[in-house]
Amino acid sequence: MKTVRINERAILAFAFDCAMVLVSWSLTLALAQRLAPAHVELSLRSLVVLALLAILVQGSVSTVFGMYRSLWRYASLPDVQRIVVCVIGGTLALSLVVSGLQASVQATTQIGGVNLIGLLPNIVTAHFFINALLLIVLMAGSRITYRSLKEWHAYGKTGLQGTPVLVLGAGDTAVGLMRQLSRGAQWRVVGLLDDDTNKHQILLQNQRVLGNLEKLPEVARDLRVSHAILAMPSATYAVRRRILELCNRANVTVLTMPGLDTAAANSAGTTDAQQLDNADAGAQLLRRVDVDDLLRRDSITLDAPGVDAFIHNQVVMVTGAGGSIGSELVRQIARHKPSLLILFEQNEFALYTIDLTLRSGDAPAPIISVVGDVKNRARVEQIMRQYAPSVVFHAAAYKHVPMMEEANAWEAVQNNVLGTLVVAQAALKHNVRKWVLVSTDKAVNPTNVMGATKRLAEMVCQSLQQQGKTRFEIVRFGNVLGSAGSVIPLFQSQIERGGPITVTHPEMVRYFMSIPEAAQLVLQAGAMGLGGEVFVLDMGEPVKIADLARDMIRLANAREEDIKIIYTGLRPGEKLFEELLADNEHTRATPHPKLRIAKAREVEDGFIERLGTWLARENLPEETEVRRDLQRWVPEYVTSTKPKLVSVVKS
């Protein structure tokens, strides 16, 4: 026989609510009789009958709405909302029952010798309204009071302990953060700062908003604060830079916490019991702000069902799977559970690393790791013939601009153009459903070999789109944080060595996004594409590289006087400003706010045949000949002469 487990807490809560129903109606009728005694006739019998009806109806409604599945210790806004709904529903149901009984009494004054006159008090609509308000206050107030007493008992003693800290920001995120910190003894919030003047001097979690962010040095000095927590997930790069400068000026260490952008949900009152139990653990997660936090942008909302339908139960192949973008693509694709994930990579160690990463965890999809060169037609076709992928992401490419510019132009052509042609033609031959090229913003009006070869690779996809059933998609984006060859790892290593930091030009500007963000948008574009589109990603605000260098010096708790910035001059093929990727004049909108479609130049007939002949030449051309030929293939490509390197030391 199955044992039925009795939830004693639920029974006690139900009994308490029944008592509150009795109390609320007693108060309602007592108040009504005092204010209008001529209209309310009370008797013990009528009160008992009304109380029994109210308890029966309200108890049933509350049970149906799940009132007794939550714990009072974690009572919060959702519980209060549920109480309001239950009380309103119970009041409406009770009014119908009472109205029906009153109508029956008027029609039949006696049943089985029992006199029905006076069975119910003379209740009107106003009484139901007053009772509902009282019952909501009693039920909700008791739960909130219980939680407050529990929290005070558990955490009240820590109120004057901990390291004093300022919270920067006074929104929902800040409230959620303060609630977590108040439950631990490590940190003690002493005030908030926010630029919104409407919030100045208000109290949040018993702490006052002391003024705008510019007051940080003054407030930090007065309150003897050496730490501040950034609680502004939607702040722009410019605001974050300003905060960093203010903290540096005040000798204050600026901190953040992973997942702070979801803390707003906590401030609204989550019912998750683990939020309370893990409060101390959450406070321990506070860490120093790094460059990723500084450049972080709003989180991306994906069409999850669309991406899942695109990947789930499909055989997916990723070339360049060991690279910075390719490896992140692999990780995100695996979460959508393809039937097989093929990792294609020339670099054995990079392939081993991503293979180990996937297999060391609970790999959500079967994987096969293939060592191979995208230029090797026989190897590529062997893999496609053997595993029959339906989706291919082509991320294999040479991307380092100065290196490809100096003495490797033909290798860039071979890897970026021939490799793309080989994989794309194999996809056509083996009926791949969708093929996605990972391209770059440097393909827009290119001034370097790398950008020209990536534009030529795009043209390969545009041309092949007309030749079969495979849908070819192209996705362009700019610099990604932490990618191979990125300026940020270079700056970090230079700072660790004590400087100097080398910046090519004081006015150099670039767009940045995180690797996960770029990979997410590549997946989204692949799912959305109908064939032949050139998707461009919204890269957000441009960042001046010199400012980024200064920010990284500050984040390292160093001074510009100690770590100098040296301007070395533009390198071959570099531009001061990359082209805007989401220019409304040259792109059109898509259903996703972070993606637009570029109006790329059309490719003439016979392009693939002529290109194939050029790529198959036996002799190795000179660098100047490669650039000349690239200009013929990509008319918008303008070669740049190598500038004279001039070092300017910033003291």
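Quick notes on this structure:
- Taking θ as phi - 60° and the Karplus parameters 6.51, -1.76 and 1.60, the scalar couplings of region 80-97 work out to 5, 4, 5, 4, 4, 4, 5, 5, 4, x, x, 5, 4, 5, 5, 4, 5, 5 Hz in sequence order, x denoting glycine and proline.
- Distances between placed amide hydrogens fall under 5 Å for Arg188 paired with Thr163, Val165, all partners being 5 or more residues away or on another chain.
- Computed E for Asp547/Asn445 - FRET, C-beta separation, R0 25 angstrom, nearest 0.05: 0.50
- Largest first, the three principal axis extents of the alpha carbons in region 418-487 are 39, 24, 16 Å in whole numbers.
- Where GluC sites (Glu not before Pro) fall in DSSP loop in region 503-539, at most 13 other Cβ within 10 Å: Glu507
- For Gly478, the amide hydrogen comes within under 5 Å of the amide hydrogens of Asp441, counting only partners 5 or more places away or on other chains and with H modelled in the peptide plane.
- HN-Hα J in Hz across region 51-66 - Karplus 6.51, -1.76, 1.60, θ = phi - 60°, x for Gly and Pro: 5, 5, 4, 5, 5, 5, 6, 5, x, 5, 4, 4, 5, 4, 7, x
- Counting protein heavy atoms only, region 179-227 has 41 percent of its accessible area on carbon and sulfur, 1.4 angstrom probe.
- Heavy atoms of Cys86 accessible to a 1.4 Å probe, total area in Å² rounded to 10: 0 Å²
- Paramagnetic label reach from Arg601 (point 7 Å along Cα→Cβ; backbone nitrogen cut-off under 19 Å): within region 415-459, residues 417-418, 439-459.
- Packing-based ranking, highest mean first, of 444-455, 369-380, 600-611 given that Cβ atoms within 10 Å are counted: 444-455, 369-380, 600-611
- Using distinct alpha-carbon pairs, which all enter the 1/r mean, Kirkwood radius of region 401-538 in Å: 16.4 Å
- 5 angstrom amide H check on Val315, placed H, neighbours 5+ away: Ser339, Leu340, Ser390, Val391
- Trypsin sites (Lys or Arg not before Pro) restricted to region 212-253 and DSSP loop, no more than 11 other C-beta within 10 Å: Arg224
- The trypsin sites (Lys or Arg not before Pro) found in region 530-559 that occupy coil by DSSP, while having at most 16 further C-beta atoms within 10 Å, are Arg559.
- Residue-by-residue Karplus 3J(HN,Hα) for region 458-464, coefficients 6.51, -1.76, 1.60, Hz, glycine and proline x: 4, 5, 4, 5, 4, 6, 5
- Difference of contour (0.36 nm per residue) and Cα-Cα distance, Thr613 to Thr197: 143.0 nm
The values are calculated or read from the model by the stated rules, or taken from the named source; none is laboratory data. Bear in mind that the values here come from a model prediction, so they are computed numbers and not experimental data. All Cβ positions, even for glycine, are placed from backbone atoms using ideal geometry, and neighbour counts span all protein chains on display. The protein model used for the area step is the full one, side chains on, heavy atoms only, and it has no ligands, DNA or RNA in it. Shrake-Rupley method; radii C 1.70, N 1.55, O 1.52, S 1.80 Å.
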